[in-house]
Structure formats: structure tokens, C-alpha cells
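Derivation of every value follows stated rules applied to the coordinates shown; laboratory data play no part. Predicted, not measured: the structure shown is a model, and the values here were computed from it. As a convention, Cβ positions derive from the backbone with ideal geometry for all residues, glycine included, and neighbour counts pool all protein chains shown.
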Amino acid sequence: MIRLLGIDPGSRRTGIGIIDVDTYGHYSFVHCEVLNLLIDTDNFPERLGKLCDGIDAVISEFKPQQVAIETVFMDKSAMSALKLGHARGAAIATVVRRHLPLSEYAPRVIKQSLVGKGAADKDQVQHMVKLLLNLQGERLQADASDALAVALTHAHMSATAMRAGVPVTALRRR
């Protein structure tokens, strides 16, 4: 059994999703949450500190063996992309400090992995997350669902890479 942590980074809210994957490739839901970084502060450096503390607490509590994170999506303003990059960097630094292996996936790869097309919308991704993790009737916040999608993508890519005898990085497309 391998425990995977998926992170959907954000400067206001960061999604956290944790799944277990057995040797047969079966998934089971463990935990998901959204770190709301705006509570009690609007100071950007303090929000990054809260992000690090939140991820560190999740790692301590759930003890994942691998971590996957979404890369920056460049559709917003330059300032939004810059803030997202800072949040992503804070999350990556926290994971690396804990000596956990980290993989990165572009939003298009995540959508293609789960839905079959890289231009899928959030509702389609959330539907597939619920289906794959057997979460009938569960109401998932969008950021938490996205983080679970990142973890599921890593599980798919890792299994495919193992069967092909290649590193997972060889399967990633930009």
C-alpha cells in the first residue's frame, strides 16, 4: 500500500487530497481538505507561512510516502501567476524539507489522465474523482477535488511507468 498526497496550490486556498493505492492499483480515499489561507490574515507572507504549516501538519498526521503537485496554470494575470508560483514554491519547499519524493503535473495532463481530454471542465474532473474513489453523495470542495485528481494522476502515471519500465518523468508531457 502506498499513500499519496496530492496538492492543488493556491495563494488563497490550497487543496489537499490523500489516497491509498494497493499493489493491484485499487484506490481508496483517505482524506481531503482545503487550507483556507485567508482566515485571520490578508498578509501574503503570512498566508505562505500558513500554507507551509498546513502541509507540514498533514504530512505529520497522514504520513504520505509520495507527493504530487499541480504546476502553474498561466491563464490569469501576471500578478496572479506570480502569487500562485510563490504558493507552489512554498508547498514544494515544505515537501522537500520532509524528504518526500515529489512529482509535478500540468493541469492538462491531470484532466487527460482522469477524463480523457485535456480540456475537461472542473465538473467532469470532480465527477471522475468521485467515481474512482467511490465517493457517492459526497460534496467535495473544488480545490479538494482538484488535489485528489492530482493524487489519482500520479497513481495512474506511476503504475503505467512501472509497467513500461520507464521513469514517470518519461511519460509526462508539457
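Would you grab the residues whose amide H sits under 5 Å from the one on Ile69? Only those 5+ places off in sequence or on another chain, please, with H modelled 1.01 Å from N.
Those lying under 5 Å, H to H, from Ile69 are Ile7, Ser103, Glu104, Tyr105.
Among Asn43, Thr71, His31, flag the residue with its Cα farthest along the positive direction of the charge dipole of the chain, charges on Cβ as +1 for Lys/Arg and -1 for Asp/Glu.
Thr71
On a straight-distance basis, which lysines could pair with Lys130 in a cross-link, Cα separation under 29 angstrom, same-chain partners fewer than 8 positions away excluded?
Straight-distance partners of Lys130: Lys50, Lys63, Lys76, Lys111, Lys117, Lys122.
Expressed as an acute angle from 0 to 90° and rounded to the nearest 10, what is the orientation of the C-alpha long axis of helix 122-132 relative to the principal long axis of the chain?
Roughly 50 degrees, rounded to the nearest 10.
Rank Ala144, Ala68, Ala81 by mean-square fluctuation in a GNM of the chain with C-alpha springs under 10 angstrom and give only the top-ranked residue.
Largest GNM mean-square fluctuation: Ala81.
Can you work out ³J(HN,Hα) from phi for every residue in the range 33-40, in order, using Karplus 6.51 cos²θ - 1.76 cosθ + 1.60 and θ = phi - 60°, giving whole Hz and x for Gly and Pro?
The phi angles translate into 6, 10, 7, 8, 7, 8, 5, 6 Hz.
Kindly express, to the nearest 10 degrees and within the range 0 to 90, the angle between helix 78-97's C-alpha long axis and the longest C-alpha principal axis of the chain.
70 degrees
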